[in-house]
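Quick notes on the structure that follows.
A short reminder: the numbers here are calculations on the coordinates, not readings from a lab. Only a predicted model underlies this, so the values are computations on that prediction, with no experimental measurement involved. Cβ placement follows ideal geometry from the backbone for every residue including glycine, while neighbour counts extend to all protein chains displayed.
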Amino acid sequence: MALYSVFRSVRTEVVKGCLTQHVQSLFTSCPSLAADKALLLQLRKSTGYTFINCKKALEKCNNDVTQAESWLHEQAKKEGWSKATKLEGRKAKEGLIGLIMRDNAAVMVEVNCETDFVARNEKFQQLVKDVALSVMAHQSTSKKTGFVKSVLSSEDMSKLNAPDGPSLADQLALTIGRLGENIGMRRAVSLSVPSDWHIGSYVHGTIAGQVGIEMGRYGSLVVFQGEPKEGTYTLGRKLAQHVMGEAPVSLGNMDDLPCGDSETRLLPQTFLPDPKYTVAQYLTLQDARVLDFIRFQCGESSSQEE
C-alpha cells in the first residue's frame, strides 16, 4: 500500500511537470499574439506589402495595425536604401511623365523605373503623383512674380518634402523597398504665368491611374498669350499636341521661313492639327503668340533634357 502511494505521488509530479513545461513552451515559443486574419487583410490592402511581411508586423506589434504599418514602412525604408545602393547602376529607362495643372501654374515631372510592369503599379504611380505635388508645393512658396520657369534636377527633388511629411528621398527609398527595382526621379519643370497668359498641356499615352494628375510616356507644356477665337483651352491643347508630335528644339520667330522636313524651330513648322498653316500662321489667325514650350519623353537621352 505504501509502495502504491509513492508511485501515485511520483506519477502526479511527473504529470504536473510535463503540464508546466508544456504551458511554458507555449508562451516561450509565441511571444506575441497570432496575426488576426481581418487585420492582416486590412494591412495588406492599405500598405501593399506581402502577406508574410504583414503577418510578421502584426505579430510583432500584437495586432496593433497603426504600429504594424509604421514598422513596415520603417523596414521598407531601410531595405529601400540598401536596395537603392545595390540597384543604382541598373538602367531605368521606363517610367512615367506626370503632369499637374492648377490655375495659372503647371508642373511636369519624369520618374523612371526598370520595367513597364512596375510603371503600371499603383505604388509607383503614387510616387509620381507625390513628386509632382511636392514640386507644385515648392513652386507655390516662390515670391517671384510674372512668368516663372524652374527646372529641377534629381538632386533638387530629393531635398523636397513629400505631401505626407517625409522627404522625397525617403519616399523614393520606401518605393524601391516595396517594388524591388531601380527607381529614380529624373527631372521636373514648374511654370507659373500672369493672369493674362495661358498654359496649354498634353500627355500622350495617358494611363488610368491616380486622380488629379495626368500620366503617360510623353508630356508637353506651351506658354502663350492672346484671346484666341477658338478658346484658350482648345488652342493650348492643339499647340501642346503639335509640340508632342513634332518635337521642336527651339522657338524661332514669327517671320521665319520653313526650311523643309528637317525644320526644328517651332514657329516655321507645319502645324500638325491643321497642315494648311505653319504654327506662326495659325497663331496669327488666332491672334495669339507662343512664348515658351517644354517637351518630356520618358527615357530620352540627356542631351534632350531641359
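Observations
- Neighbour-limited loop hits for trypsin sites (Lys or Arg not before Pro), the range 197-248 (at most 15 other Cβ within 10 Å; DSSP other than H, G, I, E, B): K229
- Taking only the Cα atoms of the range 134-231, the radius of gyration and Dmax are 16.0, 51 Å.
- Burial ordering of R265, R90, R178, fewest other beta-carbon atoms within 10 Å first: R90, R265, R178
- Share of pairwise Cα separations in the range 94-300, more than 28 Å, in percent: 30 percent
- The Rg/Rh ratio of the range 84-150, with both radii computed over alpha carbons and Rh defined as the Kirkwood radius, is 1.07.
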